[in-house]
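Each remark here refers to the structure printed beneath this line.
The values are calculated or read from the model by the stated rules, or taken from the named source; none is laboratory data. For clarity, every value in this text was computed on a predicted model and none was experimentally measured. Methodologically, a virtual Cβ is constructed for each residue, glycine included, from the backbone with ideal geometry; neighbour enumeration extends over all protein chains shown. Each accessible area value is taken on the protein alone, full model and side chains, heavy atoms only, with ligands, DNA and RNA left out. Shrake-Rupley method; radii C 1.70, N 1.55, O 1.52, S 1.80 Å.
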Amino acid sequence: DRARATFGLLGDGGRFLTIGNASHQPVDPDPRLLDERALTVTDALLLILERGHERPEYEARALAAAADGRLVPAVQTFPLAEAATAHAALESRRTTGKVVLVP
């Protein structure tokens, strides 16, 4: 699967960072591979929830960048009447950013 193939692209000491898991494919690397190459696997959401308080300046910088327009969230819209199309796009991973249904 793609997650396992990615480990081959990492340099020794690299970090595999997951951000969600839309494919529902488990990331289950061989522990020997992780040890031999000093690789780490980190769930980004858990990292933020567990350690976000350690770097409050990141939040401040992100909010300032959003306020002045330098950081713009990726949003893809679909008319409400095309909710089934939006759902199919989400399931097939053909969307970017957040999906919003517009009345």
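Annotations
- For Asp68, the solvent-accessible surface computed with a 1.4 Å probe is close to 90 Å², ligands and nucleic acids excluded.
- Extension gain from Thr18 to Ala66, taking 0.36 nm per residue of separation minus the Cα-Cα distance: 14.9 nm
- Computed over the chain, the per-residue total of -39500 (n - 2.57) for DSSP H runs of n ≥ 4 gives a 222 nm mean residue ellipticity of -11000 deg cm²/dmol, rounded to 500.
- Taking all protein chains into account, the per residue accessible area for the chain stands at 79 Å² (1.4 Å probe).
- The modelled label-to-label distance between Ala88 and Leu10, using points 7 Å beyond Cα along the C-beta direction, is 3.7 nm.
- Cα-projected label distance for Thr42 with Thr96, points at 7 Å along beta-carbon direction, nm: 2.6 nm
- For q = 0.15, 0.22 Å⁻¹, Debye-computed log10 I/I(0) when each Cα of the chain counts as one equal scatterer: -0.92, -1.13
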